[in-house]
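Below is one structure, written out as structure tokens; the observations come after it.
The values are calculated or read from the model by the stated rules, or taken from the named source; none is laboratory data. Remember, it's a predicted structure, so these values are computed and weren't measured experimentally. Every residue, glycine among them, receives a Cβ derived from its backbone with ideal geometry; neighbour counts consider all protein chains shown. SASA here: full protein model, heavy atoms, side chains in, ligands and nucleic acids out. Shrake-Rupley method; radii C 1.70, N 1.55, O 1.52, S 1.80 Å.
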Amino acid sequence: MSDIRIEKDSMGELEVPTNALYSAQTQRAINNFPISGQAMPENFIRALLNAKAAAALANKKLGVISENHADAIVKAADELLASTTLMQHFPVDIFQTGSGTSSNMNANEVLATMASNICGETVSPNDHVNYGQSSNDIIPSTIHISAAVSLKKELLPALEHLANSIRHKAELVHDHVKTGRTHLMDAMPVRMSQSLNSWATQIKQNITQLKAQQSAIQSLAQGGTAVGTGINAHPEFADMFAKELSVRLDMEFTPADNFFAHIGSQDIAVALSGQLKTTAVSLLKIANDLRWMNSGPLAGLGEIELEALQPGSSIMPGKVNPVIPEATAMVAAQVIGNDTAITVAGQSGNFELNVMLPLVAQNLLQSLILLSNSSRLLADKAISSFKVNEEKLQEALSRNPILVTALNPIIGYLKAADIAKQAYQEGRPVIDVAQENTDLSREELLDLLNPAKLTLA
């Protein structure tokens, strides 16, 4: 038996693997784009299949394709979505034609092959599966659909989990007072809970801003077809499609107010990516704070001890590194890089079409999943499980000359500065030096320089 079969499209005949569900146009894309070896993300393909099923259901209700064909397309999509070998049928490289036409036709061809076998009639990839659609509206719609699903079901719950974990840890470590630091230099004391609650607030602010993006990312270009005019789509298709998709995914999707804007630009995706970048910056701040606090254990700050997860060196026995904060920092760097690429891609909306859609899809979805996964790991394997080294905290606090700031209103800035410098130069507790150089009693100084009291606003 031959390993190839001959398929034909509008450009002529082409050899296709015998067992492939796709056809000629997909094979041309495979041949044309041997670039990264990486296919479009699975969550993008899943969103595309759900969109094709919703389109078939809408077109059936509008009477523009037969019930037999529509039902077969929906059944084919559902079988693919339930398959453990889904991605073997979608091999087209990310770096392809900028409209994503190759990925659209890949889905059309696979669904047409399966639907034809299901219903016993010929189902056309263009005339039936793709009815009332264009790559120019289905691919922008799929970017929004896949991002919306990932945002709602993955990233937002992960960030909520992270914020809650930080808040809970803050309650547990509230009684620990540590040296505050500005410019990486000793500053006035803070409670460890105050440091952690600042992290939680950063995450909560990101959650609020991301939720503000949901309405826009759940608006769809579908129904605009090739350029935004809706050519070859039923006048009611956009509304019916959004309703069917909303039912399938249990989320509310709406047609765009202006199809031209959704097809010619990717401003909404760029805006969401910008907020993902902000979230990455927040995670990077938290990760670096954890790394500094954990540094040592002897030559660093050693304020906390992160959970030991794996050996830290192939040559230095006993070394343990802050692997989760480091992984989180790399995620942040990747998301920031992804945002730059999406920003450039967003500028490629020429007249009625953006021509970097696959790149936008890949980078946006990667950022969403990376942030989701790293947020949960940071919560569970770093923040929830770290231990506080109270001895190290007290050692630094007792010798911190900056505590003398509390005496400014009583003895003045210049006198306080002299005491701080002497305490630092002699390596003595500031309370001892202050007692020698002021008229304040030991009891008064103990009260005024009490680190715990100094953390109260």
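What share of the DSSP beta bridges in the chain is antiparallel, in percent to the nearest 5? That works out to approximately 90 percent antiparallel.
For Val320, the residues whose amide H sits under 5 Å from its own are Gly312, ignoring neighbours fewer than 5 places away on the same chain, with H placed 1.01 Å from N. Considering every pair of different Cα atoms, what Kirkwood radius, in Å, is found for the stretch 84-164? One over the average 1/r among Cα pairs gives 14.8 Å for the stretch 84-164. In loop segments of the stretch 175-255 as defined by DSSP, the GluC sites (Glu not before Pro) with at most 16 further C-beta atoms inside 10 Å of their C-beta are Glu236, Glu252.
Sorted largest first, the principal axis extents computed over the alpha-carbon atoms of the stretch 162-209 equal 33, 25, 10 Å. Overall, the ratio between the Cα radius of gyration of the stretch 291-353 and 2.2 N^0.38 Å, rounded to two decimals, is 1.83. Just to be sure I follow the definition: excluding the sites themselves, where is the longest run in the chain that has none of the chymotrypsin sites (Phe, Trp or Tyr not before Pro) in a DSSP loop with at most 16 other Cβ atoms within 10 Å? Free of exposed loop sites, the longest segment is 96-350. In the frame of its principal axes, the stretch 117-253 has Cα extents of 74, 32, 22 Å, reported largest first. Per residue of the chain, the DSSP helices (runs of n ≥ 4 H) give a summed -39500 (n - 2.57) that works out to -18500 deg cm²/dmol at 222 nm. Distances between placed amide hydrogens fall under 5 Å for Ala187 paired with Gly180, Arg181, Thr182, all partners being 5 or more residues away or on another chain. Relative to the longest principal axis of the C-alpha atoms of the chain, give the angle of the C-alpha long axis of helix 237-249, reported between 0 and 90° and rounded to the nearest 10°. Long axis of 237-249 versus the principal axis of the chain: about 60 degrees.
Pairs Lys211/Lys285; Lys204/Lys319; Lys8/Lys75; Lys152/Lys453; Lys204/Lys415: which exceed 31 Å Cα-Cα? In this structure, Lys204/Lys319; Lys152/Lys453; Lys204/Lys415 lie more than 31 Å apart at Cα. Taking the three principal axes of the alpha carbon atoms in the stretch 305-408, the coordinate ranges are 67, 47, 26 Å, sorted in descending order.
Enter the accessible area per residue of the chain (Å², integer; probe 1.4 Å; all protein chains in place). Can you show the working numbers first?
Numbers: 20980 Å² over 457 residues.
On a per-residue basis, 46 Å².
Shape analysis of the stretch 233-320 based on the Cα gyration tensor places the equivalent ellipsoid semi-axes at 51, 16, 11 Å, largest first.
For the stretch 38-142, the Cα gyration tensor yields ellipsoid semi-axes of 21, 15, 11 Å (square root of five times each eigenvalue, largest first, whole Å). P(r) tail for the stretch 326-379: Cα pairs beyond 13 Å make up 59% of the total. Phi angles of the stretch 110-126 translate, via the Karplus equation with coefficients 6.51, -1.76, 1.60 and θ = phi - 60°, into HN-Hα couplings of 4, 5, 5, 4, 5, 5, 4, 5, 6, 9, x, 10, 6, 9, 8, x, 8 Hz per residue; Gly and Pro are given as x.
Sequentially through the stretch 91-102, phi angles give Karplus couplings (6.51, -1.76, 1.60; θ = phi - 60°) of x, 5, 5, 4, 8, 9, 4, x, 7, x, 4, 5 Hz, Gly and Pro residues having no value and appearing as x.
Solvent-free Debye calculation, one equal scatterer per alpha-carbon of the stretch 337-457: log10 I(q)/I(0) at 0.14, 0.16 Å⁻¹ equals -0.70, -0.80.
Within the chain, what whole-number % of the accessible surface is contributed by carbon and sulfur, with the 1.4 Å probe and all protein chains included in the calculation? Looking at the chain in its full context, I get 53 percent from C and S.
The angle between the Cα long axis of helix 323-346 and the longest principal axis of the Cα atoms of the chain comes to about 50 degrees, rounded to the nearest 10. Residues in the stretch 399-411 carry Karplus couplings, in order, of 10, 7, x, 5, 4, 4, 3, 5, 8, 3, x, 9, 10 Hz; the curve used is 6.51 cos²θ - 1.76 cosθ + 1.60 with θ = phi - 60°, and Gly or Pro positions show x. Under 5 Å between amide hydrogens, built in the peptide plane, is the criterion, and for Ser219 it picks out Thr254 among residues at least 5 positions away or on other chains.
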